[in-house]
1. Take the conditions part of a helix (DSSP H, G or I) and either open to solvent by 90 Å² or more (accessible area, probe 1.4 Å) or under 22 Å from Phe37 (Cα atoms) (or both) and apply them to Ala124. Does it pass?
2. Give me the residue from the stretch 35-70 that is open to solvent by 90 Å² or more (accessible area, probe 1.4 Å) and not in a loop (DSSP other than H, G, I, E, B) and, out of that set, farthest from Ser9 (Cα to Cα).
3. If you take the residues of the stretch 78-102 that are among the basic types (Lys, Arg) and more than 14 Å from the ligand (Cβ to nearest atom), which of them is least open to solvent (accessible area, probe 1.4 Å)?
4. Just to be sure before I move on: is Gly42 out of contact with any helix residue (DSSP H, G or I) (no Cβ under 6 Å at 6 or more places or on another chain) and without any contact (Cβ under 8 Å) to a residue 12 or more places away in the chain in the structure I sent?
5. Of all residues in the stretch 144-164, which are of a type in the set (Gly, Ala, Ser), crowded, with 17+ Cβ neighbours inside 10 Å and more than 6 Å from the ligand (Cβ to nearest atom)?
6. Being touching a His at 6+ places or on another chain (Cβ under 7 Å) and either within 16 Å of the ligand (Cβ to nearest atom) or of a type in the set (Phe, Trp, Tyr) (or both) is true for just one of Tyr117, Tyr105. Which residue is that?
7. Would you call Phe109 aromatic (Phe, Trp, Tyr) and modelled with pLDDT of 95 or more?
8. Output the number of residues of the stretch 65-77 satisfying the condition of being over 16 Å from the mean Cα position of the chain (by Cα) and either more than 14 Å from the ligand (Cβ to nearest atom) or of a type in the set (Ser, Thr, Tyr) (or both).
Amino acid sequence: MSCALVLGSAKEKPFAESKRIGIFMHQKTSQLQYALFNNVLGLASGTTGQSILENGKAQLDELYPHVEQIEGEKVLKCSRHIEGFTIKTNKSTYQSKIVVIAVGYTNLFSIKGLEPYIEPHPRAEKEKGHIWLKNENHLIENGLYVAGTLAGWRSQFAIASGSGAQVATDILTLWNDGKHTKIHDKL
Ligand SMILES: Cc1cc2nc3c(=O)[nH]c(=O)nc-3n(C[C@H](O)[C@H](O)[C@H](O)COP(=O)(O)OP(=O)(O)OC[C@H]3O[C@@H](n4cnc5c(N)ncnc54)[C@H](O)[C@@H]3O)c2cc1C
């Protein structure tokens, strides 16, 4: 959601005008469901992960409605073709030039087509069996990004959401012909 928010916030930029952005809003297995936050800068202590799931979705919808939220679908398969990727869910099939995988670091990972990139997580307790998708600076291969704990980061909210924001700015930079890009609102 952090990645989608930053991508959405570029809507006034000419290089983003023609881009279609979508997010599978599957929240059933998010770590946020059971989390309680007291140690995240900017979040009031006692903030629940569940409220972030709900408010994040509403924020995205309210500010950046051009980011399509695809509800009630689980991604089953991601396969590469010449122009980009085919994403198969339990209900439909989509095409995209760029894909960001941010489904968490549990070994319950079940998206077919990404098996070659699965390795033991480099920054988590071995006994837990967590995984990452091997990447360099979030890039797995051309057009295929990973964000959050699945990118190999430790499980802290600020790190996971920062990772999503980083990937968004990498994609915006790509859309902006390689010119380094960030999106800031100002007073
Ligand atoms: C109990 C608990 C307490 C915590 N407390 C703190 C804390 O106090 N401070 C702190 O900083 N951090 C805390 N954390 C950690 C923090 O919640 C995580 O670091 C963060 O949520 C990880 O983000 P993520 O994007 O990697 O994964 P997630 O937040 O798990 O997001 C993954 C998303 O992918 C979706 N998904 C999974 N599979 C598919 C699929 N096949 N197709 C489509 N979507 C899919 C899931 O439904 C979910 O929405 C806590 C975590 C837990 C579990």
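1. It is false that Ala124 is part of a helix (DSSP H, G or I) and either open to solvent by 90 Å² or more (accessible area, probe 1.4 Å) or under 22 Å from Phe37 (Cα atoms) (or both).
2. Here the residue is Leu36.
3. Here is the first cut: in the stretch 78-102, the ones among the basic types (Lys, Arg) are 80, 88, 91, 97.
Checking the rest, the ones that are also more than 14 Å from the ligand (Cβ to nearest atom) come to 80, 97.
Working: Arg80: 112, Lys97: 151 Å².
Checked the stretch 78-102; the qualifying residue least open to solvent (accessible area, probe 1.4 Å) is Arg80.
4. yes
5. Those that are of a type in the set (Gly, Ala, Ser), crowded, with 17+ Cβ neighbours inside 10 Å and more than 6 Å from the ligand (Cβ to nearest atom): Ala147, Ala151, Gly152, Ser161, Ser163, Gly164.
6. On the way: Tyr117 fails: touching a His at 6+ places or on another chain (Cβ under 7 Å).
Tyr105 is the lone residue from the list that is touching a His at 6+ places or on another chain (Cβ under 7 Å) and either within 16 Å of the ligand (Cβ to nearest atom) or of a type in the set (Phe, Trp, Tyr) (or both).
7. no
8. 2
The values are calculated or read from the model by the stated rules, or taken from the named source; none is laboratory data. What you see is a predicted model; the values in this text were computed from it and never measured. Don't worry about glycine lacking a Cβ; one is built from the backbone with ideal geometry, like all the others, and counts go over all protein chains shown. The area values use the complete protein model at the heavy-atom level, side chains included, leaving out ligands, DNA and RNA. Shrake-Rupley method; radii C 1.70, N 1.55, O 1.52, S 1.80 Å.
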